[in-house]
Amino acid sequence: MHDPALPVCVWLKRDLRAVDHPALAEACARARGGGMFAVFLYEPEVLDQPEWDSSHTEFQRECLADIEARLAKLGIRLVTRRGEAVAMLDEVRRETGFRLLVAHEETGTGVTYARDRRVRRWAREAGVEFLEVPQTGVVRRLASRNGWNRLWEQRMEAARATVPRSSGTGGREAVVRLETAGLLGCRELDQPPDTKTRQPGGEQAAADVLDDFLTRRGRHYSGGISSPLSAPTSCSRLSPYLAFGAISMRTVWQASEKRRLEAQAALAAATTPRERAELKAWQRSLKAVQSRLHWHCHFMQKLEDEPAIEFHNMLRAADGLREHEISAERLAAWQVGRTGYPLVDACMRSLVATGWLTFRMRALVVSFASYSLWLHWRPTGLFLARQFLDFEPGIHWSQLQMQSGTTGINTLRIYNPTKQALEQDPRGVFIRRWLPELAGVPPAYVHMPWTMPAEVQQAAGCVIGRDYPLPLVDHAAAVREAKRRLAAVRGDPQARAEARNVARRHGSRRDARGAMQQDPVRRSLARDAKGRPPPPPDPQQRLPFFTTDAAPMTDHTDDQAAPTDET
Ligand SMILES: Cc1cc2nc3c(=O)[nH]c(=O)nc-3n(C[C@H](O)[C@H](O)[C@H](O)COP(=O)(O)OP(=O)(O)OC[C@H]3O[C@@H](n4cnc5c(N)ncnc54)[C@H](O)[C@@H]3O)c2cc1C
């Protein structure tokens with residue numbers, strides 16, 4: 001039984017919000033009128049991970065500034081410390097005497113997994129009750145994937161966790177006396193400055209982005225999320241907030257469900273064809289985004305169930321395929337956007353500058369790295385993790401493996417960078433924006449600049465091999481070879497038996513709500529029922545968090561159409 005004379009400590013990690021915060025709510029309930037406080041740790045081992053970037057530090061600082069103010073209004077003090085988790089928690093325990101530590105379950109990297117085990121051991125030895133509560137649809141110690149979808153829905157539909165104002169006084173003097181390291185940014189943490197033009201952090205920013213998406217931008221989600229032109233405004237852009245916990249998955253789910261039901265009711269009452277078409281578009285979009293919220297936890301569950309997939313092929317029969325052939329030169333060219341394939345290069349440069357890419361383009365750059373350049377997913381994945389503001393280990397490593405053909409349970413999906421460029425950026429607007437060396441290249445050549453005759457190169461001010469590289473590899477030949485190597489592995493009877501086990505362990509299950517069970521890759525690739533490609537971006541769209549001309553982009557090029565007969 002908790003002693004109300006002692007304060008309860010809430011350890012904040014990737015849950016930087018005050019609304020729908022089960023750990024804070026649980027701590028309040030368990031404090032039984034006693035005091036409570038929150039602690040956040042700047043852990044060197046976390047900050048030194050190869051996945052961590054300065055943009056994460058600054059985004060996190062903005063989230064912490066927001067939550068500090070919100071917690072203060074709830075009567076809860078936020079204290080920060082810099083150091084190893086067990087040492088810091090023990091220090092704070094000695095200073096306050098807390099006997100109950102509450103935190104959310106985290107499905108993180110190997111570093112945080114090992115850290116949490118150390119903290120659990122320390123708590124046992126120090127006589128501290130360490131209570132970890134779930135905050136997403138991920139289920140700890142899940143026996144089987146059967147029935148998981150229902151569990152997920154139950155969690156999403158449950159009432160949100162409210163945090164009442166804390167008026168408890170237990171241990172207040174000790175809590176007030178606690179020293180705090182304050183809110184630390186790159187400068188204080190001796191990190192290079194954050195150079196990305198990125199989304200701002202914070203719970204308020206998350207709420208604004210959600211509201212803007214559900215009332216305005218979300219209309220174009222269905223059909224608008226594949227092209228790098230329309231995706232920045234058509235996608236929800238909630239991922240970094242979900243990754244840092246600045247908004248809960250349940251809040252997003254419930255708000256989208258409310259909006260979907262409103263659209264459904266309005267559709268029943270709609271009288272004009274135009275109104276009906278609008279509301280149907282909203283419904284399609286909302287259903288599509290909801291299925292992705294489900295996939296968020298589906299992918300995280302894979303890492304929760306098998307932490308080793310961060311480092312090892314899900315299908316161990318694929319071990320040795322790429323491990324020994326990592327070309328430093330190819331990796332470097334891919335990272336800086338100099339592979340000679342314009343859409344891949346534009347994506348990589350835009351990612352480094354902004355910290356975000358839409359799903360299809362993430363899949364494209366990984367497919368290109370894994371199949372065309374034959375690079376192992378681990379070094380490419382580490383680079384991408386640093387660039388993605390929304391780095392979420394469970395989604396990230398599962399997707400990296402899925403897009404590299406090492407899960408054994410997914411259809412091989414190899415993207416053709418030129419075909420994608422022609423389809424998703426037909427006039428080369430995105431390409432020119434991020435590859436200024438191609439700015440003067442005529443539309444007919446912007447997707448395949450290596451085919452430009454010498455005199456056109458001179459006139460365009462872009463000599464291939466000097467201003468922009470020749471293709472690093474012959475994509476078609478490289479893919480033929482990749483398929484041959486993968487087929488040899490996947491065709492082996494032992495590998496097939498292993499793949500069945502992977503499917504049992506990690507595969508999605510079909511149930512009555514079939515729409516939620518579909519493979520998101522197939523879904524995102526789908527055209528509409530009449531086989532039409534996605535609509536062009538809406539020039540009226542604006543993002544709520546960029547006020548400069550950094551984004552969004554619209555297709556202003558109205559001269560020659562790009563060739564469509566080449567793939
Ligand atoms: C190689 C690769 C790596 C990826 N790494 C990450 C990562 O580190 N963190 C991350 O959040 N997403 C990752 N994704 C999934 C996806 O690309 C992003 O979630 C999405 O682009 C984020 O933008 P958004 O919030 O506007 O997404 P929206 O399309 O608006 O979707 C809403 C939310 O649904 C979830 N979601 C969307 N697509 C997927 C998906 N395919 N799988 C699982 N969840 C999804 C995300 O939480 C997202 O915020 C990765 C995809 C690929 C192909």
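The values are calculated or read from the model by the stated rules, or taken from the named source; none is laboratory data. In this text, all values refer to a predicted model and were calculated from it rather than measured experimentally. Every residue, glycine among them, receives a Cβ derived from its backbone with ideal geometry; neighbour counts consider all protein chains shown.
Has region 275-287 got at least one residue that is small (Gly, Ala, Ser) and in contact (Cβ under 8 Å) with a residue 60 or more places away in the chain?
Yes - at least one qualifying residue is present in region 275-287.
For region 285-307, indicate whether the set of residues that are small (Gly, Ala, Ser) and surrounded by 21 or more Cβ atoms within 10 Å (Cβ to Cβ) is non-empty.
The answer is yes, given that some residue of region 285-307 is small (Gly, Ala, Ser) and surrounded by 21 or more Cβ atoms within 10 Å (Cβ to Cβ).
For the structure I just gave you, tell me whether residue 227 is more than 8 Å from the ligand (Cβ to nearest atom), over 22 Å from residue 392 (Cβ atoms) and not in a helix (DSSP H, G or I).
For residue 227, the condition - more than 8 Å from the ligand (Cβ to nearest atom), over 22 Å from residue 392 (Cβ atoms) and not in a helix (DSSP H, G or I) - is met.
Taking the residues in region 348-368 that are part of a helix (DSSP H, G or I) and of a type outside the set (A, V, I, L, M) as candidates, determine which candidate is farthest from the ligand (Cβ to nearest atom).
Top of the filtered list is 349.
Mind checking which helices (runs of 4 or more DSSP H) fall wholly inside region 369-479 and carry at least 3 residues that are out of contact with any helix residue (DSSP H, G or I) (no Cβ under 7 Å at 6 or more places or on another chain), within 16 Å of the ligand (Cβ to nearest atom) and not aromatic (Phe, Trp, Tyr)?
Qualifying helices (runs of 4 or more DSSP H): 377-387.
(1) in contact (Cβ under 8 Å) with a residue 60 or more places away in the chain; (2) touching a helix residue (DSSP H, G or I) at 6+ places or on another chain (Cβ under 7 Å); (3) among the polar types (S, T, N, Q); (4) assigned to a loop (DSSP other than H, G, I, E, B): which one isn't true of residue 222, the others all being true?
For residue 222, the exception is condition (4).
Return yes when residue 187 is farther than 27 Å from residue 73 by Cβ, out of contact with any Gly (no Cβ under 8 Å at 6 or more places or on another chain) and within 16 Å of the ligand (Cβ to nearest atom) and no when it is not.
It is false that residue 187 is farther than 27 Å from residue 73 by Cβ, out of contact with any Gly (no Cβ under 8 Å at 6 or more places or on another chain) and within 16 Å of the ligand (Cβ to nearest atom).
Take the residues in region 28-54 that are assigned to a strand (DSSP E or B) and either surrounded by fewer than 22 Cβ atoms within 10 Å (Cβ to Cβ) or aliphatic (A, V, I, L, M) (or both); name whichever of them is farthest from the chain's Cα centre (by Cα).
This residue is 36.
Residues are listed down the side, and each one gets a yes or a no for (1) of a type outside the set (Gly, Ala, Ser); (2) modelled with pLDDT under 95; (3) touching a Leu at 6+ places or on another chain (Cβ under 6 Å); (4) within 17 Å of residue 105 (Cα to Cα):
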| position | (1), (2), (3), (4) |
| --- | --- |
| 118 | yes, no, no, yes |
| 126 | no, no, no, no |
| 141 | yes, yes, no, yes |
| 149 | yes, yes, no, no |
| 157 | yes, no, no, no |
| 165 | yes, yes, yes, no |
| 168 | no, yes, no, no |
| 171 | no, yes, yes, no |
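Test residue 143 against the criterion of being in a helix (DSSP H, G or I), over 25 Å from residue 19 (Cβ atoms) and not β-branched (Val, Ile, Thr), and give yes or no.
no
Checking residue 373 against (1) farther than 23 Å from residue 465 by Cβ; (2) surrounded by 22 or more Cβ atoms within 10 Å (Cβ to Cβ), which single condition isn't satisfied?
It is condition (1) that residue 373 fails.
Across region 378-387, which residue is nearest to residue 199 (Cα to Cα) among those that are of a type in the set (A, V, I, L, M, F, W, C) and surrounded by fewer than 23 Cβ atoms within 10 Å (Cβ to Cβ)?
385
With the checklist (1) buried (at least 23 other Cβ atoms within 10 Å of the Cβ); (2) away from the ligand (no atom under 13 Å from the Cβ); (3) part of a helix (DSSP H, G or I) in hand, flag the one item residue 339 doesn't pass.
Just one mismatch for residue 339, condition (3).
Give the residue that is surrounded by the fewest Cβ atoms within 10 Å (Cβ to Cβ), with candidates limited to residues of region 256-284 that are among the charged types (D, E, K, R) and farther than 14 Å from residue 156 by Cβ.
Among them, the one singled out is 274.
Would you pick out the residues in region 120-140 that are over 25 Å from the mean Cα position of the chain (by Cα), of a type outside the set (Val, Ile, Thr) and outside any strand (DSSP E or B)?
120, 121, 122, 123, 124, 125, 126, 127
From the set of residues in region 493-512 that are touching a residue at least 40 places away in the same chain (Cβ under 8 Å), of a type outside the set (Ser, Thr, Tyr) and in contact with a helix residue (DSSP H, G or I) (Cβ under 6 Å, 6 or more places away or on another chain), which is surrounded by the fewest Cβ atoms within 10 Å (Cβ to Cβ)?
511
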